[in-house]
Amino acid sequence: MNFPLIVQYGLSGITVGSIYAIVAVGFNIIYSTTGIINFAQGEFLIIGAMMAISLYQVVPLWLAIALAVIVTTILGGLMEVVFIRPVRNASVLRLIVITIGLSILIREAMLHIWDEQPRYLPYFTGTESSTIAVFGAYISLQVLWVLGVSAVIVAGLTVFFRFTLLGRAMRACADDRMAACLCGINDRWMVTLSFMLSAGIGALAGCVISPVTLTQYDMGAPLAIKGFTVAILGGLGNSMAAVVAGLLLGLLEAFVVSQFAAAYKEAVAIVVLLLVLVFRPTGLFVRREIGALRAA
Amino acid sequence: MEMRFVRILGVFVVGLALIGSGCKRSAPTPAEKAPAEKAPTTQLPAAKPQAEAAPIKVGAIFAITGPASFLGAPEQKTAEMFVEQINQAGGVNGHKITLLIKDSGAKPETAISLAKQLIDEEKVLAIIGPSTSGESMAIKDICQEGKTILLSCAAAETIVDPIAGYVFKTPQKDSDAARRIYETMKEKGITKVGVVSSSDGFGVAGAKQLAGLAPEYGITVAISETYDKAETDLTGVLTKLKGQDVQAVINWSIVPAQSLVAKNMKQIGLNVPLFQSHGFGNIKYVQAGGEAANGTIFPCGRLLIAEVLPGTHPQKQLLLKYKQDYESRYKEDASTFGGHAYDALLVLAEAVKKAGSVESEKVRAAIETLQGVVGTGGVFNFSEKDHNGLTKDAFEMLTVENGKFALYTKK
């Protein structure tokens with residue numbers, strides 16, 4: 001295997017990995033404020049992308065994406081208010097089951113609205129065939145968009161959670177809801193906000209990856225599985241780690257393809273998920289003690 | 001506590017109701033539509049002296065939703081349209097056709113239960129479909145044992161080889177598609193190719209044909225890889241092909257990955273000709289591939305190029321009529337896949353006419369004697385040994401020019 005080829009596998013891994021990462025970030029936001037794994041996260045991506053695709057028929061691309069993100073954000077909030085809030089003193093498991101039900105419901109609704117055909121947004125810059133050469137290998141401009149948007153989202157979230165009052169309030173709720181309430185934080189709205197935030201980020205992610213992966217009504221679930229694996233791998237609740245974990249999984253898959261039959265690729269994520277759950281349930285990037293504290 | 005439980009229950013019931021209505025999506029449409037549209041015609045029974053014969057029950061299993069909806073949706077629409085046309089013209093030998101369309105979502109296990117239902121409960125004369133090869137293989141034995149005619153709309157050759165008495169198929173053979181691809185490669189002087197295929201029935205069968213036929217044409221398959229049918233990125237697999245310095249890539253699948261292959265090849269700078277299977281015959285794949293789809297070469301039935309066929313070609317009239325009917329009714333481009341369902345119903349109708357009976361054994365035997373039936377896929381000549389009835393001449397090599405299908409000509 002010569003050098004350009006190795007770089008090409010690397011770039012391929014980064015392409016896929018950046019997509020996984022951006023999905024995983026959405027999981028983490030809701031998890032860190034509520035402890036729920038939102039299995040409808042994949043559907044947020046598809047709703048966002050589908051809406052942007054429809055809007056793009058009448059308005060410019062950036063506006064279509066902006067509107068799609070806003071509408072999906074509102075939908076995410078509505079979903080929490082209508083389905084999660086009324087039962088929110090229930091166990092986490094029950095809430096997770098509700099999100100699974102919601103994901104099926106949203107998927108079927110999308111089938112009715114946008115039918116079964118794959119759709120797509122145009123490439124943000126250039127066309128299908130424009131690429132950049134890196135050490136004799138090539139990468140699509142859109143992949144750079146995916147990477148760039150992931151980076152901006154993670155940076156934005158870090159700033160939001162660390163330095164703004166609202167973000168700190170959300171973290172406080174995650175830490176100890178009772179104490180947060182006593183400090184005058186409206187915990188119900190914090191949960192709603194976390195759903196809105198992850199829906200909005202999901203929609204944006206869906207739009208950015210749409211030119212590369214195409215968008216079909218039932219694509220959410222497979223994406224969510226990969227995103228979930230990555231979120232676990234990085235340690236639930238840790239967005240920065242999710243990005244690293246996403247790229248790691250992408251690279252791992254790419255190099256498995258390079259050495260073994262490509263059919264084994266699908267097994268990689270599952271094997272990684274099992275190994276992490278058995279040997280390092282807190283994720284790769286969380287120190288064990290902290291993980292244990294959190295679990296307690 | 002009870003209150004809360006009731007609420008959860010409510011949420012689930014609402015969810016289930018919506019899902020339920022989603023699944024039934026395809027089923028009610030024909031039933032609802034048919035009476036409304038047929039009402040004026042049934043008011044005037046033009047010239048039908050004989051007493052109304054019992055209707056023929058025909059089942060149809062199509063992948064109307066799911067990953068193979070590109071196939072199933074046009075098949076469903078075509079079948080509805082064609083049955084309506086047949087019934088308006090007085091049916092087959094005076095028998096009206098009652099079509100029961102089921103959506104399998106491209107899942108073999110769903111196809112199995114639907115087939116059992118159609119055979120055991122509905123007691124249909126024949127089943128049209130399924131859309132995909134995996135599903136067709138899954139119900140091949142069930143139809144044979146249930147003595148119910150199966151007219152598959154899927155491509156894999158294994159459906160009719162080895163032959164099962166009751167099982168037929170209308171799409172062209174995949175070995176013939178492979179032959180046409182290799183012939184074209186030979187003309188272009190290509191000798192070393194890489195194959196990628198989807199890990200479903202269609203892809204697996206195609207990859208096997210390509211591997212088996214390659215030596216005959218002096219072509220080496222340097223590498224053959226499969227990918228998951230829900231794959232969203234193929235750059236990894238294609239990089240592997242790039243590493244083998246292949247002179248051309250053949251992709252064999254029906255899933256949207258067909259468009260991804262074209263895009264991803266361009267993305268990683270793998271600038272060799274791309275050949276696709278006859279599964280590429282839907283303009284939507286071309287649109288989804290954008291600029292990258294230009295130059296793709298693939299074998300296909302003549303439907304897509306009906307307009308440019310010489311006036312003397314036996315299929316021309318039929319193809320133009322089908323295309324016009326379909327496009328004016330559904331406001332979308334006709335694809336070769338819908339044509340497979342058309343052919344399946346056509347073959348069944350011709351066989352019923354020839355047999356002069358609606359007994360499954362007699363109709364089955366009649367199909368084996370059908371000769372020169374002009375369909376959308378080609379001219380069918382069935383026999384006891386050939387349950388497909390088409391030769392490789394049913395294919396034409398096409399290419400994509402500026403986002404449109406065009407006849408491939410040697411340069």
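Of A:Ala90, A:Ala109, A:Ala151, all but one fail to be modelled with pLDDT under 85 and at negative phi; the exception is A:Ala90.
Each row is one residue, and each column tells you yes or no for (1) charged (D, E, K, R); (2) within 12 Å of chain B (Cβ to nearest Cβ); (3) part of a helix (DSSP H, G or I); (4) under 17 Å from the mean Cα position of the chain (by Cα).
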position: A:Pro4; (1), (2), (3), (4): no, yes, yes, no
position: A:Gly10; (1), (2), (3), (4): no, yes, yes, no
position: A:Ile19; (1), (2), (3), (4): no, yes, yes, yes
position: A:Val25; (1), (2), (3), (4): no, no, yes, yes
position: A:Glu43; (1), (2), (3), (4): yes, no, yes, yes
position: A:Leu63; (1), (2), (3), (4): no, no, yes, no
position: A:Thr73; (1), (2), (3), (4): no, no, yes, yes
position: A:Met79; (1), (2), (3), (4): no, yes, yes, no
position: A:Val82; (1), (2), (3), (4): no, yes, yes, no
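Residues in the range A:94-123 that are farther than 26 Å from B:Pro67 by Cα and either among the aromatic types (Phe, Trp, Tyr) or facing chain B (nearest Cβ under 8 Å) (or both): 1 in all.
Restricting the first member to the range B:284-309 and to residues that are without any contact (Cβ under 8 Å) to a residue 40 or more places away in the chain, and the second to residues that are surrounded by fewer than 21 Cβ atoms within 10 Å (Cβ to Cβ) and assigned to a helix (DSSP H, G or I), the beta-carbon pairs closer than 7 Å and six or more apart or on different chains are B:Ala306/B:Lys316; B:Ala306/B:Leu320; B:Ala306/B:Lys323; B:Leu309/B:Lys316. Would you mind stating whether A:Val243 is more than 22 Å from A:Val146 (Cα to Cα), in contact with a helix residue (DSSP H, G or I) (Cβ under 6 Å, 6 or more places away or on another chain) and at pLDDT 75 or above? No, not satisfied.
Conditions tested, residue by residue: (1) more than 23 Å from A:Pro118 (Cβ to Cβ); (2) over 21 Å from the mean Cα position of the chain (by Cα).
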position: B:Ala60; (1), (2): yes, no
position: B:Asn87; (1), (2): yes, yes
position: B:Asn93; (1), (2): yes, yes
position: B:Ser104; (1), (2): no, no
position: B:Ala111; (1), (2): no, no
position: B:Ala115; (1), (2): yes, no
position: B:Lys123; (1), (2): yes, yes
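Restricted to the range B:264-293, and to residues there that are in a loop (DSSP other than H, G, I, E, B), surrounded by fewer than 24 Cβ atoms within 10 Å (Cβ to Cβ) and among the aliphatic types (A, V, I, L, M), the residue that is farthest from the other protein chains (Cβ to nearest Cβ) is B:Val272. Any chance the range A:92-99 includes a residue that's touching a residue at least 12 places away in the same chain (Cβ under 8 Å), more than 30 Å from B:Gln244 (Cα to Cα), surrounded by 19 or more Cβ atoms within 10 Å (Cβ to Cβ) and within 17 Å of the chain's Cα centre (by Cα)? Yes, the range A:92-99 contains at least one residue that is touching a residue at least 12 places away in the same chain (Cβ under 8 Å), more than 30 Å from B:Gln244 (Cα to Cα), surrounded by 19 or more Cβ atoms within 10 Å (Cβ to Cβ) and within 17 Å of the chain's Cα centre (by Cα).
When residues of the range B:126-149 are filtered for being of a type in the set (Asp, Glu) and surrounded by fewer than 24 Cβ atoms within 10 Å (Cβ to Cβ), how many remain?
Adding up the residues that qualify gives 2.
A:Ala137 falls short on exactly one of the conditions (1) in contact with a Leu (Cβ under 7 Å, 6 or more places away or on another chain); (2) more than 14 Å from every other protein chain (Cβ to nearest Cβ), and that condition is (2).
In this structure, A:Ile36 qualifies as over 30 Å from B:Gly269 (Cα atoms) and surrounded by fewer than 24 Cβ atoms within 10 Å (Cβ to Cβ). Among the residues making up the range B:221-263, those that are hydroxyl-bearing (Ser, Thr, Tyr) and either more than 25 Å from the chain's Cα centre (by Cα) or facing chain A (nearest Cβ under 10 Å) (or both) are B:Ser224, B:Thr226, B:Tyr227, B:Thr232, B:Thr235, B:Thr239, B:Ser259. Of all residues in the range B:184-191, none satisfies being modelled with pLDDT under 95, outside the structural domain of B:Thr235 (by TED's automatic domain parsing) and among the charged types (D, E, K, R). Residue-level check: of (1) over 20 Å from A:Cys207 (Cα atoms); (2) among the small types (Gly, Ala, Ser); (3) out of contact with any Lys or Arg (no Cβ under 9 Å at 6 or more places or on another chain), A:Ala90 misses just (3).
May I ask you to verify whether A:Ala205 is within 14 Å of chain B (Cβ to nearest Cβ) and modelled with pLDDT under 85? The answer is no for A:Ala205. The criterion of at least 3 residues that are under 16 Å from A:Ser18 (Cβ atoms) is met by the following helices (runs of 4 or more DSSP H) wholly inside the range A:92-182: A:141-163.
Can you tell me which residue within the range A:211-232, out of those that are of a type in the set (Ser, Thr, Tyr) and in a helix (DSSP H, G or I), is farthest from A:Ile46 (Cα to Cα)? Once the filter is applied, the top-ranked residue is A:Thr229.
Elements of the type helices (runs of 4 or more DSSP H) sitting completely within the range B:300-411 and holding at least 2 residues that are at pLDDT below 95, within 19 Å of B:Phe82 (Cβ to Cβ) and not assigned by TED's automatic domain parsing to the domain that holds B:Val58: these cover B:316-330.
Can you tell me which residue among A:Lys265, A:Lys226 is touching a Phe, Trp or Tyr at 6+ places or on another chain (Cβ under 8 Å), among the basic types (Lys, Arg) and modelled with pLDDT of 85 or more?
Testing whether each residue is touching a Phe, Trp or Tyr at 6+ places or on another chain (Cβ under 8 Å), among the basic types (Lys, Arg) and modelled with pLDDT of 85 or more leaves just A:Lys226.
The values are calculated or read from the model by the stated rules, or taken from the named source; none is laboratory data. All of these numbers come straight from a predicted model, not from anything done at the bench. Every residue, glycine among them, receives a Cβ derived from its backbone with ideal geometry; neighbour counts consider all protein chains shown.
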